[in-house]
Each structure stands twice: as C-alpha cells, then as structure tokens.
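Input: a single structure, listed below in structure tokens.
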Amino acid sequence: DIIPYVNQQYPIHPDRRYQAVAGGSLGGIAAYRIVFAHPEQFSSAAMFGSGVISGEEEQVKTWLEQMQPELKPRVFLNCGTQDSLMLERAEIMTGLLYDHQVSHVLHIGQGEHSYNYWVTMFPTYLRWLAEDWQ
C-alpha cells in the first residue's frame, strides 16, 4: 500500500533492479515474504536478525521454485552470534537459498538480537546493495 505513495513523493527509479526491501527481526520476515512473493517488482531482500520463520520452509521453497531464473532476488542476511532467537533460522534460510541457487550473503558477527547490533552492519549492507547498481 505504501509503494504508490513513496513513488509519488520521492524520485524513485522504476526499474526493479533498484527496488529492495529490508527489515530487522519480524521486519526481515516481512522483507523476504514481500520480495519472494513479488520477484517481478523487487531485486533484493535484506534480513537483520532474521531468517525463515519456523513452519514456513515449504512456502519459501514454493516461492523459490516458482521464480523464473532471471527474477531470483539477491538476499543479504545478518545475525549475531548471541542471537538465540534467529541465528539458526538465518542458517536454515541460507540453506534454502543455496539449494535454489539464489545469490546471498550471510554475515555473522558478535552481537545479539538488537537494533544496536544490526545498525553496525548498515554500511556493509548498503555497499552490498549498491553492487548491483553499477
């Protein structure tokens, strides 16, 4: 619902190559759901302190299997070593992405399930995001 508003208010490039969704924790789950369900619109997803939600593995497999190869998004994951909530889920998501030949990176660093940790990875994420804009 917010996309038409953003497109009207800001100088957004319409090409999917420049469209990304990112979020932390539950927002990371929302990011992959949006991007995987609409790969024709978004070229990348980023998940901070997040991974595939337990019980949703089959849905993720279905999305990935149904994607045309040229529409497979790039995926950025970041999780802290002390993130007892999501580190395992991030690793499971990484396995699913690998199995379905989806380009991805998983950064694991010293940190917990917290914004204070995730924000330290924003420069790395933004550099990764911009790699596809060259």
remark   = Scalar couplings 3J(HN,Hα) for the stretch 119-134 by Karplus 6.51 cos²θ - 1.76 cosθ + 1.60 (θ = phi - 60°), nearest whole Hz, x for Gly and Pro, are 5, 5, 8, 4, x, 5, 4, 5, 5, 4, 4, 6, 4, 7, 9, 6
task = List every residue whose amide H lies under 5 Å from the amide H of HIS107, counting only residues 5 or more places away in sequence or on a different chain, with H placed 1.01 Å from N in the peptide plane.
result = LEU77, ASN78, CYS79
query = Rounded if a/c is under 1.5, else prolate if a/b is larger than b/c, else oblate: which is the stretch 78-119, with a ≥ b ≥ c the root eigenvalues of its Cα gyration tensor?
reply = prolate
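Please compute the contact order of the chain in relative form: average sequence separation of alpha-carbon pairs under 8 Å and at least six residues apart, divided by the residue count, as a percent. Provide the component values of the computation, followed by the final result.
Numbers: 227 pairs, mean separation 29.4, N = 134.
Relative CO of the chain lands at 22 percent.
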note = Ranking GLY24, LEU71, THR120 by how far each Cα lies towards the positive end of the charge dipole of the chain (+1 on Lys and Arg Cβ, -1 on Asp and Glu Cβ), the top one is THR120
request  = Assuming a ≥ b ≥ c are the square roots of the Cα gyration tensor eigenvalues, decide whether the stretch 62-134 counts as rounded (a/c under 1.5), prolate (otherwise, with a/b larger than b/c) or oblate.
outcome  = oblate
ask   = Once the whole set of protein chains is in place, how much accessible area is left on THR120, using a 1.4 Å probe, in Å² to the nearest 10?
value = 90 Å²
message = Under 5 Å between amide hydrogens, which residues at least 5 positions from MET67 or on another chain qualify, with H placed 1.01 Å from N in the peptide plane?
response = none
key: Potential lengthening between TRP133 and ALA37 on full extension [0.36 nm per residue; Cα-Cα distance subtracted]   = 32.3 nm
request  = Tell me the chymotrypsin sites (Phe, Trp or Tyr not before Pro) within the stretch 62-134 that lie in a loop according to DSSP and have at most 11 other beta-carbon atoms within 10 Å.
outcome  = TRP133
222 nm mean residue ellipticity, helices alone, for the chain (DSSP H n ≥ 4; -39,500 (n - 2.57); rounded to 500) = -12500 deg cm²/dmol
ask   = Taking amide H positions as placed 1.01 Å from N in the peptide plane, with prolines and chain starts having none, which residues 5 or more places from ARG74, or on another chain, fall under 5 Å of its amide H?
value = SER44, ALA45
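Find the accessible area per residue for the stretch 1-99; the probe is 1.4 Å, ligands and nucleic acids are left out, and the unit is Å². Mind dumping the intermediate values first?
Working: 5190 Å² over 99 residues.
For the stretch 1-99, the solvent-accessible area averages 52 Å² per residue.
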key: Percent accessible area from carbon and sulfur atoms, the chain, protein chains only, probe 1.4 Å   = 53 percent
remark   = Check: C-alpha center the stretch 1-62 vs C-alpha center the stretch 86-114, spacing in Å is 16 Å
query = Taking the chain as the region of interest, what is the percent of Cα-Cα pairs per 10 angstrom bin, listed from the shortest bin to the one with the maximum distance?
reply = 13, 45, 33, 9, 0
Of all DSSP beta bridges in the chain, antiparallel share, percent nearest 5 = 0 percent
query = What residue among HIS38, LEU87, TYR5 has its Cα farthest toward the positive end of the dipole of the chain, where the charges are +1 on Lys, Arg and -1 on Asp, Glu, each on the Cβ?
reply = TYR5
Within a Gaussian network of the chain (alpha carbon springs, distance under 10 Å), most fluctuating of HIS113, HIS104, HIS13 = HIS13
query = Of ALA46, ALA37, ALA90, which is the most mobile in a GNM of the chain whose springs link Cα atoms less than 10 angstrom apart?
reply = ALA37
query = How big is the charge dipole of the chain about its Cα centre, in debye rounded to the nearest 20, if each Lys and Arg gets +1 on its Cβ and each Asp and Glu gets -1 on its Cβ?
reply = 320 debye
note = Rounded to one decimal in nm, the spacing of the 7 Å Cα→Cβ label points at VAL105 and LEU126 is 1.5 nm
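The values are calculated or read from the model by the stated rules, or taken from the named source; none is laboratory data. All values reported here derive from a predicted model rather than from experimental measurement. For neighbour counting, all protein chains shown are included, and Cβ atoms are generated from backbone atoms with ideal geometry for every residue, glycine included. The area values use the complete protein model at the heavy-atom level, side chains included, leaving out ligands, DNA and RNA. Shrake-Rupley method; radii C 1.70, N 1.55, O 1.52, S 1.80 Å.
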